[in-house]
1. Out of ASP128, ASP93, ASP75, which single residue is surrounded by fewer than 19 Cβ atoms within 10 Å (Cβ to Cβ) and either in contact with a Gly (Cβ under 9 Å, 6 or more places away or on another chain) or closer than 22 Å to GLU24 by Cα (or both)?
2. Go through the residues of segment 143-157 one by one and say whether even a single one is free of Cβ contacts under 8 Å to residues at least 24 places away in the same chain, surrounded by fewer than 18 Cβ atoms within 10 Å (Cβ to Cβ) and either aliphatic (A, V, I, L, M) or in contact with a Ser or Thr (Cβ under 8 Å, 6 or more places away or on another chain) (or both).
3. Any idea which residue in segment 105-118 is farthest from MET57 (Cα to Cα), counting only those that are out of contact with any helix residue (DSSP H, G or I) (no Cβ under 9 Å at 6 or more places or on another chain) and surrounded by 14 or more Cβ atoms within 10 Å (Cβ to Cβ)?
4. Looking only at segment 110-136, filter to residues that are modelled with pLDDT under 90 and either hydrophobic (A, V, I, L, M, F, W, C) or under 17 Å from the mean Cα position of the chain (by Cα) (or both); which one of those is farthest from TYR38 (Cα to Cα)?
5. Whether any residue in segment 40-62 is modelled with pLDDT under 95, over 18 Å from VAL138 (Cα atoms) and in contact with a helix residue (DSSP H, G or I) (Cβ under 6 Å, 6 or more places away or on another chain) is what I want to check.
6. Being touching a residue at least 24 places away in the same chain (Cβ under 8 Å), farther than 23 Å from PHE134 by Cβ and not small (Gly, Ala, Ser): is that true of THR13 here?
7. Of all residues being out of contact with any Gly (no Cβ under 7 Å at 6 or more places or on another chain) and aliphatic (A, V, I, L, M) in segment 106-125, which is nearest to CYS46 (Cα to Cα)? Just the residue, please.
8. Assuming GLY16 fulfils every condition listed in (1) at pLDDT below 95; (2) buried (at least 17 other Cβ atoms within 10 Å of the Cβ); (3) not acidic (Asp, Glu) apart from one, which condition is it?
Amino acid sequence: MDKIANFCLDGITPEGKAKRICIEDFLDKGKYIVIYFYPRDNTPGCTKEACDFRDNMERISEYAFVLGISPDSIDSHIKFHRKNSLNFYLLSDPDKRIIKLFEVWGEKKMYGKVREGVIRSTFIISPDGEIVKFWKNVKVKGHVDKVISELKSLIGE
């Protein structure tokens, strides 16, 4: 599989602090990195997905760090983080540089209309920076359980 290049984005820590966050900060720590791309803060599907990660963080954190990435601003992320008591990283990619790098920007059909946007996707990155699994066009219901199952499989549980 492909290795990811280091990248840095402004973001929010699990504690709610705004700071510059770089992918290399998570590498070689013995854990995987789950990067999930989502369209927009405070929308029904994105809130459900974020809350599902939040509610399962105890099951995930021994295996992986979780980073959610969307084109929303830091101010939007701060409100989303606080409103939903999120306990993982949110990164802001307003120019869609990383979103496009991961090839998760494209045409989507919603309510019968075609438009461009973030294609809900999740990537698992190994501790040495290799993409070991990814899902595109994610359906929110049950997805976090699939991520946890894959993490357990990767570490041999």
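1. On the way: ASP93 fails: surrounded by fewer than 19 Cβ atoms within 10 Å (Cβ to Cβ); ASP75 fails: either in contact with a Gly (Cβ under 9 Å, 6 or more places away or on another chain) or closer than 22 Å to GLU24 by Cα (or both).
Step by step, each of ASP128, ASP93, ASP75 is checked, and only ASP128 is surrounded by fewer than 19 Cβ atoms within 10 Å (Cβ to Cβ) and either in contact with a Gly (Cβ under 9 Å, 6 or more places away or on another chain) or closer than 22 Å to GLU24 by Cα (or both).
2. No, there is no match, as no residue in segment 143-157 is free of Cβ contacts under 8 Å to residues at least 24 places away in the same chain, surrounded by fewer than 18 Cβ atoms within 10 Å (Cβ to Cβ) and either aliphatic (A, V, I, L, M) or in contact with a Ser or Thr (Cβ under 8 Å, 6 or more places away or on another chain) (or both).
3. So the residue we want is LYS108.
4. Here the answer is VAL114.
5. yes
6. Working: touching a residue at least 24 places away in the same chain (Cβ under 8 Å): yes; farther than 23 Å from PHE134 by Cβ: yes; not small (Gly, Ala, Ser): yes.
For THR13, the condition - touching a residue at least 24 places away in the same chain (Cβ under 8 Å), farther than 23 Å from PHE134 by Cβ and not small (Gly, Ala, Ser) - is met.
7. Looking only at segment 106-125, we keep the residues that are out of contact with any Gly (no Cβ under 7 Å at 6 or more places or on another chain), and these are 106-107, 109-115, 117-118, 120-125.
From what's left, aliphatic (A, V, I, L, M): 110, 114, 118, 124-125.
On the way: MET110: 14, VAL114: 19, VAL118: 11, ILE124: 19, ILE125: 21 Å.
Checking each candidate, the answer is VAL118.
8. (2)
The values are calculated or read from the model by the stated rules, or taken from the named source; none is laboratory data. If you're wondering where the values come from, they're calculated on a predicted model, not measured in any experiment. All Cβ positions, even for glycine, are placed from backbone atoms using ideal geometry, and neighbour counts span all protein chains on display.
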